[in-house]
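Written below as structure tokens is the structure these notes are about.
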Amino acid sequence: MKIDVGYVAELARLELSEDEMKTFQPQLEDIVGYVEKISEVDVEGVPPMMHGREIVNAFREDEVRPSLETEVALANAPARVGDEFLLPKIVEGAES
Amino acid sequence: MELYELGIKAAREGLAKGEFSSEDIVKSVIGRYHERNGEIGAYVSFDEEQALGLARERPRDVPIAIKDLINVVGQPCTCGSKILEGYISPYDATVIANLKKNGFFPCGRVNMDEFAMGSSTENSALAVTRNPYDLSRVPGGSSGGSAAAVGGKMCIAALGSDTGGSIRQPASFCNCVGIKPSYGRVSRYGVTAFASSLDQVGPMAKSVEDAAILLGAIAGRDEMDGTTPDVPVPDYAARLEGADMKGVRIGVPREYYDVKGMDAEVRRITEGALKKCEEAGATLVEVSLPHTEYAMAVYYIIAPAEASANLARFDGVRYGHRSPLSKDVFSLYCKSRAEGFGAEVKRRIIIGTFVLSSGYQDAYYTRALKVRTLIKRDFDEVFGKCDALLTPCAPTPAFRLGELQDPLTMYLNDLFTIPSSLAGVCASSVPAGFTESGHLPVGVQFICAGYDEERLLRVSKAFEDIAGA
């Protein structure tokens, strides 16, 4: 299986160096080549196992409860302005 | 005898009699840390003041070393990654809150493979951890720091986490007891997620009884983790009373013994363990788990797929590393992640993203989920015929640092531990002997049905009692 590593890395929001691309390409193809072993198994009519246990709708009451204080939640922010996380501008053409 | 050598049970007895205090234990552990950590590298951070403060507040409680992916308020939580350098946990994980409720407190943070991805702790971006039984060798992984701290007598006991073998394989390498609880038995709230349909936190300890006490302290329903059911937690330690091999049906799954890559010493020790069980009154039952050979492939689709989604949260926005080079949000994501993550994490994110990507999802991810059903059915079937399975834990004893360079070869370490993780059942690693050539510890794995930890611990205890014989 040929993997377009550059394309998949972009989907994953990962910038890879030239060296990483070169190292990863054969390694990833080895791994994907190995996992293709599952194509041998007859899975006709077998349901997928979606969870580690069979659980359906683990709901709780939707009620307001105490949660992290704003200051605590912002304490690890790489950059902030007031009570918000600060980011570069997101919308093209908008004023930053 | 130094206090750091004690296990949980002995520490509790001494504390109850007033022979020493929690502070005395912590001071002893800190002394040992200064003496040994330079060589072994089990701990990545140790807030001595916080540990001593907690010990003074709780003079009858027992300190526990914590794997560096479990949040403890006010402490770092690096997950072995550069991307979380400088991060300070804003709250306690449920397992930490449970420890504090049940006579324990956190004391020091131990090393791990980055985001729990690895089998040697060599993927940690923070420190090198060495096997206390042979410093040229790895402690196993990903809970290698926990195992090295327990095996090197640098703590009373530790918490680890296990996704595909990350408690059991390092326990085998470092001569400790490790328990991978059934899926959902222990809350993951506040534990950094790797593969959410597989992750479990569990004890790593100096004896089965200690592991039972510690598991009882952390297990149970938590409304902050929807996968934890309201199933009562028995007093595991009390139920060990009279644990015995007599009449126990030990399943011997032929697929685990036919493996060609198994080290000869591991085979000798595991077959010796079977013999000891039989001599102690167990019945050996040959069983088959026919889909075992597909488990590795299934795991290396499902775990990276889930990891690729879980690790999307590390984007440089709310916490963790933010690249100073980014000019817009897209490059902020891409560069922060490129600079923060190590090679193995990047590989798994790419594999996971690939198997979930348009055009490939059905052939890889969805198909893997179906094969997982077949693997689970194999286990359902055998637990009708036997009480516990006995298998090798890892295919080899501890290998040398730097010895396994190829990712796929490293993955094979989890050959025997992955199937039970996929099935969601519980399993242990119990010390079974030492290699003749290098005097390296080797553990065996017991596997029991889901939520049958009581039986798992009893069988493990019965084995522990005869293992030295």
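Percentage of Cα-Cα pair distances in the stretch B:192-322 greater than 26 Å, rounded to whole percent?
Working: 4487 of 8515 pairs.
The share of Cα pairs beyond 26 Å in the stretch B:192-322 comes to 53 percent.
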Order the peptides B:279-288, B:140-149, B:167-176, B:33-42 from the highest to the lowest mean number of other Cβ atoms within 10 Å of their residues.
B:140-149, B:167-176, B:33-42, B:279-288
If the reach is capped at under 16 angstrom between alpha carbons, list the aspartates and glutamates near residue B:17, excluding any in the same chain fewer than eight residues apart.
B:61
For the stretch B:232-287 and the stretch B:449-468, distance of Cα centres in Å
9 Å
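Find the all-direction average of the projected area of the Cα convex hull for the stretch B:377-469, expressing the result in square nanometres with one decimal place. Can you show the working numbers first?
Working: hull surface 28.6 nm².
Average projection, Cα convex hull of the stretch B:377-469: 7.2 nm².
Ranked from highest to lowest mean number of other Cβ atoms within 10 Å per residue, what is the order of the peptides B:50-59, B:4-13, A:13-22, B:420-429?
Details: B:50-59: 16.9, B:4-13: 19.7, A:13-22: 15.1, B:420-429: 29.0.
Output ranking for B:50-59, B:4-13, A:13-22, B:420-429: B:420-429, B:4-13, B:50-59, A:13-22.
What does the structure give for B:191-202 when I average, per residue, the other chain Cβ atoms found within 10 Å of the residue Cβ?
On the way: counts 0, 0, 0, 0, 1, 2, 5, 1, 1, 1, 0, 0.
Whole-number average of other-chain Cβ neighbours for B:191-202 is 1.
Other chains near A:53-59: what is the mean number of their Cβ atoms within 10 Å of each residue's Cβ? Spell out each step's value before the answer.
Details: counts 11, 2, 6, 0, 1, 6, 1.
Taking the mean over all residues of the peptide, I get 4.
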GluC sites (Glu not before Pro) lying in DSSP loop within the stretch A:51-90, provided at most 11 other Cβ fall within 10 Å
A:54, A:61, A:63, A:69
With θ set to phi - 60° and the Karplus curve 6.51 cos²θ - 1.76 cosθ + 1.60, what are the ³J(HN,Hα) couplings of the stretch B:321-333 in order, to the nearest whole Hz, using x for Gly and Pro?
5, 10, 5, x, 8, 7, 10, 9, 5, 4, 6, 4, 4
How big is chain A on each of its three principal axes, counting only the C-alpha atoms and giving the largest first in Å?
56, 45, 26
Along the three principal axes, how long is chain B when you take its alpha carbons, biggest first, rounded to the nearest angstrom?
70, 59, 47
Centre separation in Å (Cα based) which lies between the stretch A:46-96 and the stretch B:56-94
21 Å
Computed over the Cα atoms of the protein assembly as shown, the Rg and Dmax in Å are 22.9, 79
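For the stretch B:339-407, go through all pairs of different Cα atoms, get the mean of 1/r, take its inverse, and jot down that Kirkwood value in Å.
Working: mean 1/r = 0.0624 Å⁻¹.
That comes to 16.0 Å for the stretch B:339-407.
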Sequence gap at least 6, Cα distance under 8 Å: using those rules, report the relative contact order of chain B to the nearest whole percent.
17 percent
Cα-based helix-to-principal-axis angle, A:18-35 vs chain A, degrees rounded to 10
60 degrees
Partner shielding of B:137-149, as the mean number of partner chain Cβ atoms within 10 Å, equals 0
Can you pull the Kirkwood radius for the stretch B:3-240, inverse mean 1/r over Cα pairs, to one decimal in Å?
17.0 Å
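Throughout, read-outs are computed from the coordinates displayed, never taken from laboratory work. Note that the coordinates shown come from a computational prediction; the quantities given were computed from them, not determined experimentally. For neighbour counting, all protein chains shown are included, and Cβ atoms are generated from backbone atoms with ideal geometry for every residue, glycine included.
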